[in-house]
Every structure is written in C-alpha cells, then in structure tokens.
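To start, the structure itself, in structure tokens.
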Amino acid sequence: MRILVLGGDGYLGWPTALHLGALGHDVAVNDNFARRRYDEEMGVESLVPICTLEERVTAWAEVSGNTIGSYVGDLCDAPFVHKMVGDFRPDTIVHFGEQRAAPYSMIDQAHCVYTQTNNIVGTLNVMYAIADIDRDIHLVKLGTMGEYGTPNIDIEEGWLEVEHNGRRDRVLYPKRPGSFYHLSKVHDSHNIEFGCRIWGMRATDLNQGVVYGADTEQTKLDPRLATRFDYDGVFGTVLNRMVIQAVLGHPLTVYGNGSQTRGLINLVDTVECIRLASENPADRGEFRVFNQFTEHLSVRQIAETIAEEYPGEATIEMVDNPRVEAEDHYYNAKHTALVDLGLKPTLLSMALIDHLFEVVERHKDRVDLAAIMPTVSWRATTNELPHTSAGALAQT
Ligand code: NAD
Ligand code: USQ
C-alpha cells in the first residue's frame, strides 16, 4: 500500500512512518517543520535529541534498506498539497500534520487563530486534493478524545443514536471540547464528514487519547531514528511530563484536584492503530470514527502510579488548575472498534514506566527546569510568555 504520512517529522508521525515502512508499505512523509519552530519560539527542546528529517531518512535507508520519500512543505499551501498528492498517488493519507498543543492554542489570540487556521485550512486542502485527484484515497485523520469533552453520558465512537419526540436518527456525537486546539479538531471532523457525504470520500477519524512513551521497535534501532519527547508546560503531555518530573526530583504537577480522567495510549499502540485503520479502509462515502485509547486514568491516578513506581522519592503537588475544565465528572468512553480490528492493547505497566525512567535518566541534563511549570492560563486573554505573535515563527 502507498501511504503518505502528513506531519511525518513529529512525535507520532515519524515512528508511524517507520512502522508502516518496516511492514513493507511504500511510505512518504510530509512536514513543514512548524513543530521545530515552536521549540525555538518557546525556547525549549525535545528531551531526546532528534536528527533532521534528512538525517532520519538516510539513517532508515541504512538500517532497513527501505526508502522513505519526503515532501517538505506547508499543508496550508493548496497548490503544494495538490502537487504532492498527485505526485505520490497514495492509497492512504495519514494526517498528523497539525498544531497539537492545547496550551499553545490558548496563549493569546494570535496563537488561537494560527492553530485553527493551520489545522482547518490544512485539512481542507488535503480534502480538496483527494476529491480532485482520486476519491478512493482513504483519509486517516488524527482527531482527539478531547473533541467530546466530558459529557454526563457514555461517549460513543463518533456517532449517537438519538430518539427525539418519537423519531430516531443517527447523528454525530455532540462535542464540547476544552480548548481552541481541541475545537479545531471538531471543525475538521465536521468538514471531513461533509466531504464523505458530498464527494463520497472515505475517511477514518481517530479520536486519540493522550499518548505516552518514548520509542517503538524501529526508533530503538539507531539513535538517529529517535522521535521527539516533550516535557515543557506547553507541549509536554501529562504522563511523559510526570516521568520527567519524578526523575528530576521536581514535584509531580497535578492540576486542580486531579480527578479529571483521560484516555491514554502507548506510542507502540498508536502506530499499530494507524496500520490497522490503513489496512482496513473505510467504505466509499463512509465517515468512520474510532476512539483510539486503551485505558483511562484520572490525572491523580497517573501521578500516584508514577510516584509509587519511581525508585527514589517522588512528591505530588496540587497546582492551581491553569485550565478551565471539569475535574469531577462522569467518564465512560467506548473503545472497541480498534480491538475488533485486532489491536492488542499495551497497558501501562511497571516495565513500561521503568523503561521511561531509563530514557529520561539518560537525557536529564537537557531539561530546562524553568520550562516545567504551566505558563498559559485559560482565563487570561494575554499572558507573560515572551513571544505572543504566534504563527509568525511557525509560518516562516
Ligand atoms: P507533533 O507536533 O509532534 O507533530 C505534528 C507534526 O505536524 C509536526 O512535525 C509539525 O511540524 C507538522 N505540521 C504542523 N502543521 C503543519 C503544516 N501546516 N504543514 C505541514 N506539517 C505541519 O504532534 P504529535 O504529538 O505527533 O501529534 C500528531 C497528531 O496526533 C496531531 O494532529 C495531534 O492533534 C494528534 N494527537 C496527538 C496526541 C498526543 O498525545 N501527542 C494525542 C491525540 C491526538
Ligand atoms: N495535566 C496535569 N498536569 C500536567 C499536565 C496536564 O494535571 O502537568 C492535566 C490537564 O489539566 C488535563 C490532562 O492532564 O486535564 C491532560 O493534559 P495533557 O496536556 O496531557 O493533554 P491535552 O492538553 O488534552 O492534549 C494532549 C495532546 C493533544 C491530544 C490530547 C488527547 O497534546 O494533541 O489531542 O492530548 S485528549 O486529552 O484525549 O484530548
């Protein structure tokens, strides 16, 4: 299968490209390196050192004997996207290529507008390229569990059967997300569902939970194949951050009372879910939604698990929640579709956490302690971050 991975230089996109390549698929990646520029803007770096895309692709050819093609360019550039899709002629497009940090989107107006423009326009350009070039191309799009928010009813996989005033219908599950970033994913989902209806596109929207983990079978083969690992208060995600905090002797930062519950998934399962979705495409005209996570834990449970497992001393600090989010809430989200396709979940275990401690120990000298505490408040419309003119950097 020919698979084009958009955002293929990122935390998830790069290991996915390697996983698909290792399984014999013909893979190319696209990226505009926006993520590397957010690092410059924030003054931070990935904990694990990462090579340039060119070096990564060369290393993969040396290690595996396989080629990964690369298309460097911005998904917001419509002619570029059309040319890339027409040139590579993929069977499947896996779309990771968006600004993905909720705090980044909440810094100020410029970062909000940049995030929504980048994500929504990029996705529309991909949809138009598919519609014009080949409507059989299967779009596998990364969405997020955060699209649903925390409703007081069970969360279904994308669709909801509703009975209202004696009539029934199947509707898109109502969304109530918690940041302008998460909202960009909701807008994408609605646009893609519309594309499936009007153009007969085939699409799978993967509503993924918070990812944790540092490596996969392929990224471990050579240090040049490593993927990024973020820990800062803007781009670091909760479990990865808490592992680093434990190793550094920094208190584990639980926001609010820590009862807020999230779906989690290990990086090795992410790449496998993408394979399963790609190899089992949606039907023509079908907007298929899978909830992509393997277990759910409250933030406090995550902190307690890491603190208990850490061989040294680890303390937990309840930090004033910088976000506006429900802390005590109902949570029961379905996630059976990927298991039905063959996913064998990798659950959080001592072995996995111990491995993460080892990775962090190896690179802990690279951590900037000043970047750990949260700096972005959901309540403010401006803040004290040094750079507030987003996008300027990201789009150069
Ligand atoms: P990432 O920021 O590491 O990777 C995204 C990549 O997309 C980056 O390399 C970036 O440079 C690229 N990109 C952004 N805008 C682009 C544009 N206009 N043109 C071309 N490339 C562009 O993020 P990630 O953690 O790998 O996440 C990938 C996707 O998965 C995102 O869409 C994210 O919303 C989704 N997701 C991530 C998580 C998680 O915990 N990391 C969880 C659920 C969903
Ligand atoms: N949290 C803490 N302490 C921290 C960091 C976070 O308590 O130090 C809490 C947050 O308040 C939130 C939860 O942990 O309640 C998750 O925060 P996060 O930063 O790990 O994840 P989130 O902002 O939701 O975003 C991440 C990815 C995003 C993806 C999303 C999946 O950055 O791309 O879409 O996870 S989900 O959460 O299912 O929407």
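The values are calculated or read from the model by the stated rules, or taken from the named source; none is laboratory data. These figures come from a predicted structure and were not determined experimentally. Heads up, the Cβs are rebuilt from the backbone with ideal geometry, glycines too, and the neighbour counts pull from every protein chain shown.
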Qualifying positions in the range 156-177 - within 16 Å of ligand 1 (Cβ to nearest atom) and in contact with a His (Cβ under 9 Å, 6 or more places away or on another chain): GLU157, LYS175
First in the range 91-114 and more than 12 Å from SER184 (Cβ to Cβ) and assigned to a helix (DSSP H, G or I), second anywhere and of a type in the set (A, V, I, L, M) and at pLDDT 95 or above, Cβ under 7 Å, 6 or more apart: PRO103/VAL234; PRO103/VAL376
Only residues that are crowded, with 17+ Cβ neighbours inside 10 Å, within 16 Å of ligand 2 (Cβ to nearest atom) and in a helix (DSSP H, G or I): list them for the range 277-304, please. VAL299, ARG300, ILE302, ALA303, GLU304
Index of the failed condition, GLU384 passing every other in (1) modelled with pLDDT of 95 or more; (2) of a type in the set (Asp, Glu); (3) assigned to a loop (DSSP other than H, G, I, E, B): (1)
So the check is Cβ under 8 Å with 6+ separation or different chains; which pairs have a first residue in the range 58-81 that's touching a residue at least 12 places away in the same chain (Cβ under 8 Å) and closer than 20 Å to TYR114 by Cβ and a second one that's of a type in the set (S, T, N, Q) and in a strand (DSSP E or B)? VAL72/ASN30; GLY73/ASN30; LEU75/ASN30
Quick one: how many residues across the range 46-88 are among the acidic types (Asp, Glu) and surrounded by fewer than 14 Cβ atoms within 10 Å (Cβ to Cβ)? 4
Can you tell me how many residues within the range 242-264 are under 23 Å from the mean Cα position of the chain (by Cα), part of a loop (DSSP other than H, G, I, E, B) and either near ligand 2 (Cβ under 8 Å from one of its atoms) or crowded, with 23+ Cβ neighbours inside 10 Å (or both)? 2
Please go through the range 126-144 and pick out each residue that is within 15 Å of ASN30 (Cβ to Cβ) and within 16 Å of ligand 2 (Cβ to nearest atom). VAL140, LYS141, LEU142
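This table checks each residue for (1) surrounded by fewer than 24 Cβ atoms within 10 Å (Cβ to Cβ); (2) over 17 Å from HIS190 (Cβ atoms); (3) of a type in the set (Phe, Trp, Tyr); (4) in contact with a strand residue (DSSP E or B) (Cβ under 7 Å, 6 or more places away or on another chain).
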site: ASN119; (1), (2), (3), (4): no, no, no, no
site: ILE133; (1), (2), (3), (4): yes, yes, no, no
site: GLY149; (1), (2), (3), (4): yes, no, no, no
site: ASP154; (1), (2), (3), (4): yes, yes, no, no
site: GLU157; (1), (2), (3), (4): yes, no, no, yes
The residue that is farthest from ligand 2 (Cβ to nearest atom), considering only those in the range 68-125 that are under 15 Å from the mean Cα position of the chain (by Cα) and of a type in the set (D, E, K, R), is GLU98
